[in-house]
């Protein structure tokens, strides 16, 4: 069964369903880096992202509501008590494991980032100013140091080909208003705290992550899109955690590092990144599969 395509993003495609209050969300095997969609895909990546998101939505159900109406479970991830066994609308077999039927939301136009450790763009800013999105941090932090407490650092949500921009909390107030900003901050930090504890129980450090939220028809703010996947999060191996150094990770940082350190590509050039070689594709896939297995206890 084919449904009208509503929107095609970096990784996910949204389709209209006969019920105008619902959407079909399908995760592809595409991978993006530095706001480019790479020419190379990662086999099974869309299934991995979908299964991890569904698992996390279940884990976080007591903390925040989410947009899931029905999710396509891979055999190793099936939990008949969690979601309906059959979709409310017929789906093509090739969507197995990578499709979610969701509520149609009014999406809030910011990305809600929580950081528990200093790394990435936060580390770059800290080295220059001692702050992250204007939040003062203690002097003398090393790369990958744990922060005294998690911080909320929102960003704009850019269109494909454009760059997300970290923004201050004051700028967030201008965009969404005081009440919504406070709700986003509180929900983001609550979800991050719960998810960090769950990940650490499985030997994984959640260094940082980004969430997206939307409003339902009755005005409630719920968790949407993907959640706590290797695409949206930095997962570090707790056994190899050593501040001041690069930490082995289970996310697409491996792809970013190959692009900027080994491929010869200049991320500031404006030219698209080169294709990924087979060994990088396989190593990336292996990292995503390991993250799925270690967090959820299941496979594809």
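Since every read-out is calculated from the coordinates, none of them should be taken as a lab result. Predicted model only: the values in this text are computed from it and were never measured. Cβ sites come from the backbone with ideal geometry, for glycine too, and all protein chains shown count toward neighbours.
For the reader, a short list of remarks on this structure follows.
- Most to least packed among 57-63, 286-292 [average Cβ atoms within 10 Å]: 286-292, 57-63
- Residues 40, 133, ranked from the fewest to the most other C-beta atoms within 10 Å, line up as 40, 133.
- GNM flexibility winner over the chain from 90, 150, 275 (Cα, springs under 10 Å): 90
- Cα pair distances of segment 2-42 binned at 10 Å [whole percent]: 28, 44, 22, 6
- In terms of packing, defined here as the mean over residues of other Cβ atoms within 10 angstrom, the peptides 116-125, 138-147, 204-213 line up highest first as 204-213, 116-125, 138-147.
- In terms of other Cβ atoms within 10 Å, 252, 267, 128 run from fewest to most in the order 128, 267, 252.
- Helices in the chain, meaning DSSP H runs of at least 4 residues, each add -39500 (n - 2.57). Divided by all residues, the mean residue ellipticity at 222 nm is -8500 deg cm²/dmol.
- Whether segment 162-296 is rounded, prolate or oblate, judged on the alpha carbon gyration tensor where a/c under 1.5 counts as rounded: oblate
- Reported to the nearest whole Å, the Cα centre-to-centre distance from segment 81-155 to segment 221-300 is 14.
- Annotation: segment 5-104 has a Kirkwood hydrodynamic radius of 14.2 angstrom, from the mean reciprocal C-alpha pair distance.
- Take every Cα pair under 8 Å whose residues are at least 6 apart in sequence, average their separation, divide by the length of segment 135-188, and the relative contact order is 24 percent.
- Contact order normalised by residue count of the chain, Cα under 8 Å, 6+ apart, percent: 21
- The structure-derived value of Cα extents along the principal axes in Å appears in the list (i) 56, 48, 40; (ii) 95, 51, 36; (iii) 103, 55, 36 under the label (i).
- Dimensionless Rg over Rh [segment 227-300; C-alpha; Kirkwood]: 1.01
- Across segment 98-243, counting alpha-carbon atoms alone, Rg and Dmax equal 15.6, 47 Å.
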